[in-house]
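Accompanying notes for the structure given below.
The values are calculated or read from the model by the stated rules, or taken from the named source; none is laboratory data. Everything numeric in this text was worked out from a predicted model, so none of it was measured. Cβ: placed from backbone, ideal geometry, glycine included. Neighbour counts: every protein chain shown. With ligands, DNA and RNA removed, areas are computed over all heavy atoms of the protein, side chains included. Shrake-Rupley method; radii C 1.70, N 1.55, O 1.52, S 1.80 Å.
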Amino acid sequence: STVLMSTALVLGTTTAWAASSTATIEFTSNGAPIVVDPDVLIPDAEKPYLPPGDNEPTYETGPLTLDFVSNFDFGANELEFDKAEFKATNQKPFLQVTDRRDVLSRWDVKVKLGKFEDKNGNESLTGSTLTIDPGVVQTLKNVGDYPMPTAKGIVLKPGGDEETILTADKGTFSTWQVYWKGNGETNDFIKINIPVNEQTKGKHVATLDWTLSDVVN
């Protein structure tokens, strides 16, 4: 009986060991977001999109970035005494913003038109107006459901005040674009009006300054 009791005590004893480990992942916003083809909306790190003959990406880094803004080209036009409105020739102009912030809040994009200058550096086209109608707001494919920013139609005067063209009232964690797609020949979204008496021979150039602001709610 003594032997049986000792065996039972040994079989009833359980010993356990415990230890801890970790699983870790880190995200950063140190790299410049990829400029995305507005007709595809799929990022390609090996082939960032750049419209032929258009502007360069900004290469901005950080949690909230203005990635790309387009040049507007109105082409070469014959001097005509009965035409004041001209449409842009761009077929794929767009604006791109990426929001990767930890704390999401309002942001907006404003744009200002500088004064036109002729080939000699003299101020020109002083009475003109540049109209940008609301474009199509779109985001990358396969991202979460976030409220879309709102695009606004604006009219800019050379040397005039800046105007808000895009506003996000809430968190918008994604890459966003405003796309002003052309009609195959011209662009119905982007127009310039130049009084006939101010149309002079030669090239006239003005700078568009775009500003992205993180607005504290």
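If you check every pair at least six apart or on different chains, which have Cβ atoms under 6 Å apart with a residue in segment 128-152 that is closer than 19 Å to residue 34 by Cα first and a residue that is open to solvent by 50 Å² or more (accessible area, probe 1.4 Å) and of a type in the set (Val, Ile, Thr) second?
141/42
Of everything in segment 143-170 that's closer than 18 Å to residue 211 by Cα and open to solvent by 70 Å² or more (accessible area, probe 1.4 Å), which residue is modelled with the lowest pLDDT?
So in segment 143-170, the residues closer than 18 Å to residue 211 by Cα come out as 149-169.
If we keep only those that are open to solvent by 70 Å² or more (accessible area, probe 1.4 Å) as well, we get 150, 152, 155, 157, 161-162, 169.
On the way: 150: 96, 152: 97, 155: 98, 157: 98, 161: 97, 162: 97, 169: 88.
Among those that are closer than 18 Å to residue 211 by Cα and open to solvent by 70 Å² or more (accessible area, probe 1.4 Å), it is 169.
So, in segment 80-103, of the ones that are open to solvent by 60 Å² or more (accessible area, probe 1.4 Å) and among the charged types (D, E, K, R), which residue ends up nearest to residue 152 (Cα to Cα)?
Among those that are open to solvent by 60 Å² or more (accessible area, probe 1.4 Å) and among the charged types (D, E, K, R), it is 87.
Out of (1) over 25 Å from residue 42 (Cβ atoms); (2) buried (at least 16 other Cβ atoms within 10 Å of the Cβ), the odd one out for residue 122 is which?
It is condition (2) that residue 122 fails.
Considering only residues that are open to solvent by 60 Å² or more (accessible area, probe 1.4 Å) and over 22 Å from residue 191 (Cβ atoms), look in segment 125-142 and name the one that is modelled with the lowest pLDDT.
Taking segment 125-142 first, the residues open to solvent by 60 Å² or more (accessible area, probe 1.4 Å) are 126, 134, 136, 141-142.
Next cut, over 22 Å from residue 191 (Cβ atoms) only: 141-142.
On the way: 141: 81, 142: 76.
Out of the qualifying residues, it is 142.
For segment 35-91, how many residues are outside any loop (DSSP other than H, G, I, E, B) and aliphatic (A, V, I, L, M)? If you could, list the steps in order and put the result at the bottom.
In the first step, residues of segment 35-91 are kept if they are outside any loop (DSSP other than H, G, I, E, B); the result is 64-68, 85-88.
With the extra rule that they be aliphatic (A, V, I, L, M), the set shrinks to 64, 66, 88.
Number satisfying all stated conditions: 3.
Would you mind telling me which numbered condition in (1) at positive phi; (2) touching a Lys or Arg at 6+ places or on another chain (Cβ under 7 Å) residue 59 fails?
(2)
State whether one or more residues within segment 56-67 are in contact (Cβ under 8 Å) with a residue 24 or more places away in the chain, within 19 Å of residue 213 (Cα to Cα), of a type in the set (A, V, I, L, M, F, W, C) and open to solvent by less than 30 Å² (accessible area, probe 1.4 Å). Full working, then the answer.
Looking only at segment 56-67, we keep the residues that are in contact (Cβ under 8 Å) with a residue 24 or more places away in the chain, and these are 57-67.
From what is left, the residues that are within 19 Å of residue 213 (Cα to Cα) are 57-67.
Retained after the next criterion (residues that are of a type in the set (A, V, I, L, M, F, W, C)): 64, 66.
Imposing the further condition that a residue be open to solvent by less than 30 Å² (accessible area, probe 1.4 Å) reduces the set to 66.
Yes.
Against the condition open to solvent by less than 90 Å² (accessible area, probe 1.4 Å) and either in contact with a strand residue (DSSP E or B) (Cβ under 7 Å, 6 or more places away or on another chain) or at pLDDT 95 or above (or both), how does residue 73 come out, does it pass? Explain how you work it out, then say what you get.
Working: open to solvent by less than 90 Å² (accessible area, probe 1.4 Å): yes; either in contact with a strand residue (DSSP E or B) (Cβ under 7 Å, 6 or more places away or on another chain) or at pLDDT 95 or above (or both): yes.
Considered against the rule, which asks whether it is open to solvent by less than 90 Å² (accessible area, probe 1.4 Å) and either in contact with a strand residue (DSSP E or B) (Cβ under 7 Å, 6 or more places away or on another chain) or at pLDDT 95 or above (or both), residue 73 comes out as yes.
What are the pairs, 6+ residues apart or on separate chains, where a residue within segment 80-104 that is closer than 24 Å to residue 64 by Cβ has its Cβ under 7 Å from a residue that is open to solvent by 50 Å² or more (accessible area, probe 1.4 Å) and aromatic (Phe, Trp, Tyr)?
99/173; 100/173; 104/173
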